[in-house]
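The values are calculated or read from the model by the stated rules, or taken from the named source; none is laboratory data. As the structure is a prediction and not an experimental result, all values here were calculated from the model. Note that each Cβ is placed from the backbone with ideal geometry, even for glycine, and that neighbours are counted across all protein chains shown. Side chains included, ligands, DNA and RNA excluded: accessible areas come from the protein's heavy atoms. Shrake-Rupley method; radii C 1.70, N 1.55, O 1.52, S 1.80 Å.
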Amino acid sequence: MQLQIYNTLKREKELFVPRIPGKVSMYLCGPTVYNRIHLGNARTFVLGDTIRRILSFLGYDVTYVQNFTDVDDKIIVRAAELNITVDELVEQEIKNYFEDAKALGILPADKHPRVTAHIGDIIAFIGDLIAGGFAYVGGGDVFYDVQKFPAYGQLSGQKLDDLVMGSRVEAGEAKRHPADFALWKGAKPGEPFWDSPWGKGRPGWHIECSAMVRAELGGHIDIHAGGMDLQFPHHENELAQSEALCSGEPFARYWVHGAFLNVNDGKMSKSQGNFFILSDVLKRYDGNIVRFFLQSAHYRKPLSFDATSLDSATVALNRLRNACGALEHVLTALNAPQAAGEMLNLDQYEARFKSALADDFNTAEAWGVLFELARDANAALALKGIANAELALSLMQRLAGVLGVELTVDRSLDEEIEALIARREEARFARDYWTADNIRVLLAELGIELLDTPQGVRWKLK
RNA sequence: GGCGGCGUAGCCAAGUGGUAAGGCAGAGGUCUGCAAAACCUCUAUUCCCCAGUUCGAGUCUGGGCGCCGCCUCCA
């Protein structure tokens, strides 16, 4: 099945056709590094990583870029609050981001450009816009002239006239049109600044992505992704900037926007105070569980989060882990495939898994397929055994791995523990259940749970 | 005011024309020295409401109700 992607620009699912056959260039708007990301932010970053992994799984050679916005009002304010420099804050928060990302199974992008490392590219980009008649200098700032770009509003479905009504126009601004936005902001006292042809200052928010895409991926990309809230104005502005300089071919062929994580039916956000800092959540829940939870709904639909969400996700994921553990156990306990057992039609699960993902990255449906595989494997195991247990196990782990979730099975214990387990087996065999149960309790205190099965004792870490 | 989205069992959530995936919770059963895991059965005659199109609609069209998001920094 061929990949279909919902393109925000077209408002419909489209067959995915990259610019260059077999290759995909993808850009995701990354975090503004002023504090730790929350669970809602994580949803989008997991989405980007998931799409990237799925594209690879489907055979594409992917180049994935995710930026860091490291100069911004919030960063300046936060650094002042903490009484540290902007650089110190930025370095710390980037480090924190990677720590969080790693816990969630988010692979490092091929490139993580920072705005401050691309000031030259940004200045050049603005220069090109001015030269092309799409931007003008006003006061110490440079603005994008939306009226020079007739297609403005195409991504968000907004009309310029309608935008005027809702926009807040600050008095004294040198804008020609209320929807014009700053490409370069003149320096204010105490803020970071760089020299430019228009005086000292710093980049506006939107220009960074246009410039970094051009610098890192060339003027055109296949997929541009980000959270729903970036659709307007950020991506609309970005599109206007980039496409002003590349008439004809589109800047991004597919725009992908992820829905929010909801709390009490409302968007989780800093300003509403209903957010959960990811690093706090990760103290209580394994990153695999959080990632699985975030993938449990289709990315374009809001996902509800409440106090029970991660607990039920834990139980659910344990179901898959237990199935893997059971398969692993029969393989090691019997030390040979059960030739007489049932032969599961594994290709069927993989095909369904793949077509779910090829249908606009439907991870929720894909997980459903893995649960069915787990159930069928467990059922077969309980009856006649499975002839292709080894393949079933590796398939389940491989497909979960496509989604970035590890279904690991613990394989080794130290000798002391092994000896205890053996002693308990002897005791059980001798019907000395008092000793056997004491050993079980002892091991439980060490975090090891024993499971008695027809194929002998199995253990797992609690 | 402009633009957009959502409404499927107690909860989470797939499904965009062919007769309701999956997970959690719950009930009963099987297995079991115990425990755990697992399996089986049951839990939406029905997808917010009304009308329409169709042989057939959760899925398409029109209207209504409710909720949410963006338009200001925001994943």
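Accessible surface calculations at 1.4 Å, restricted to protein heavy atoms, place chain A at 46 Å² per residue.
Under the criterion of Cα pairs below 8 Å and six or more residues apart, the relative contact order for chain A equals 16 percent. Positive end of the dipole of chain A (Cβ unit charges, origin at the Cα centre): among A:302, A:80, A:233, the Cα lying farthest that way belongs to A:302.
Bridges between two residues of chain A, per DSSP, are antiparallel at a rate of about 50%.
Dipole magnitude for the range A:4-258: computed about the Cα centre from +1 point charges on Lys and Arg Cβ and -1 point charges on Asp and Glu Cβ, it is near 480 debye. In chain A, the portion of solvent-accessible area held by carbon and sulfur atoms comes to 51 percent [1.4 Å probe, whole percent, DNA, RNA and ligands not counted]. For the pairs A:148/A:185; A:111/A:462; A:74/A:159, note any where the Cα-Cα span goes beyond 27 Å. Flagged as over cut-off: A:111/A:462; A:74/A:159.
Cross-link partners among lysines for residue A:354, C-alpha distance below 24 Å, same-chain residues fewer than 8 apart left out? Of all the lysines, those that pass the test against residue A:354 - Cα under 24 Å, at least 8 places apart if same chain - are A:13, A:23, A:301. Cross-link partners for residue A:267 among the aspartates and glutamates, with Cα-Cα distance under 20 Å and sequence neighbours closer than 8 places in the same chain left out: A:229, A:280, A:306.
In chain A, taking the dipole from charged Cβ atoms about the Cα centre, the farthest positive-side position among A:126, A:156, A:413 is held by A:156.
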